[in-house]
Amino acid sequence: MDALIKAAFTSPISALEIGVWFGVGSTNIWLTNLKPGSSILLLDSWKPYSSQEDLQDDGWNYKQMDDLSTDAFLSAFLNIKRFENENADKKIRIQLTRGDSSSFLPLLQANAFDFIYIDGDHKYEKVKADIQQAKRLVRKNFGVICGDDLDKLPTPDLIEVSRKHTNRDALREQGFHPGVLLAVAEEFESVNMRNSFWWTVCKDGAFTTEILKPS
């Protein structure tokens, strides 16, 4: 993740992160690597997200995660304030927004972001909607769309399994997030993936797996 944003951009950019939660993981990576004068919109609903199927999963305490939504918001807020206080000279414009991506993203102007990271609700319909909006919002001359939790590259067998579990966050015994895998497979011909982190580059309106410099 660190290497990608460094390789792709050497000047100020406009960035969007969908899914912030505690604001201490990916958020810190983007903030640390943004060039002075950049801007970033951080979007999260900070609400419980688990489906009934998720709550019945004995392998993960989804209720405990849902109960942390307020703590996660406060953590993100404090982390942003700390960064602003310690990096005022970089003049990075940060907008922290609490809202549902399905209703908020359509309000944004198309072709507005150089870099978009997707790590919100992992269920299929939400991931697919986030990707579709990202494809509308990314700059068509050169931009990057990326995300988390693509644990395995799509195959016909995994796609078929994923279609049976569209309302699940993760299938832990199988070791992947079905909603992420299915949505990525449907929206992109191919993507790069390393350690569950996936990315694709938009160059002149077409998506490619190569890292290319702007023309």
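The values are calculated or read from the model by the stated rules, or taken from the named source; none is laboratory data. All of these numbers come straight from a predicted model, not from anything done at the bench. Please note: Cβ atoms are built from the backbone with ideal geometry, for glycine as well, and neighbour counts cover all protein chains shown.
Worth a mention:
- One residue stands out in the stretch 177-197 among those that are of a type in the set (S, T, N, Q) and closer than 12 Å to Cys146 by Cβ: the one that is surrounded by the fewest Cβ atoms within 10 Å (Cβ to Cβ), namely Ser196.
- Selection of the stretch 60-93 for residues being in contact with a Leu (Cβ under 7 Å, 6 or more places away or on another chain) and among the hydrophobic types (A, V, I, L, M, F, W, C) yields Ala76, Phe77, Ile80, Phe83, Ile92.
- Hits in the stretch 72-94 (condition: acidic (Asp, Glu) and either within 17 Å of Gly179 (Cβ to Cβ) or without any contact (Cβ under 8 Å) to a residue 12 or more places away in the chain (or both)): Glu84, Glu86
- Note on the stretch 1-43: residues that are at pLDDT 95 or above, charged (D, E, K, R) and closer than 20 Å to Trp198 by Cα total 1.
- Boolean, Asp57 is of a type in the set (D, E, K, R), in a loop (DSSP other than H, G, I, E, B) and more than 18 Å from the chain's Cα centre (by Cα): yes
- Count of residues meeting criterion [part of a helix (DSSP H, G or I) and β-branched (Val, Ile, Thr)] in the stretch 141-188: 4
- In summary, Thr10 fulfils each of the numbered conditions (1) exposed (fewer than 12 other Cβ atoms within 10 Å of the Cβ); (2) outside any loop (DSSP other than H, G, I, E, B) with the single exception of condition (2).
- Residue, surrounded by the fewest Cβ atoms within 10 Å (Cβ to Cβ), within the stretch 85-123, restricted to residues that are in a helix (DSSP H, G or I) and under 14 Å from the mean Cα position of the chain (by Cα): Ser102
- The lone exception for Ala134 - which of (1) part of a loop (DSSP other than H, G, I, E, B); (2) touching a residue at least 60 places away in the same chain (Cβ under 8 Å) it fails: (1)
- When the residues of the stretch 38-70 are filtered to those that are touching a strand residue (DSSP E or B) at 6+ places or on another chain (Cβ under 6 Å) and among the aliphatic types (A, V, I, L, M), the one that is nearest to Gly99 (Cα to Cα) is Leu43.
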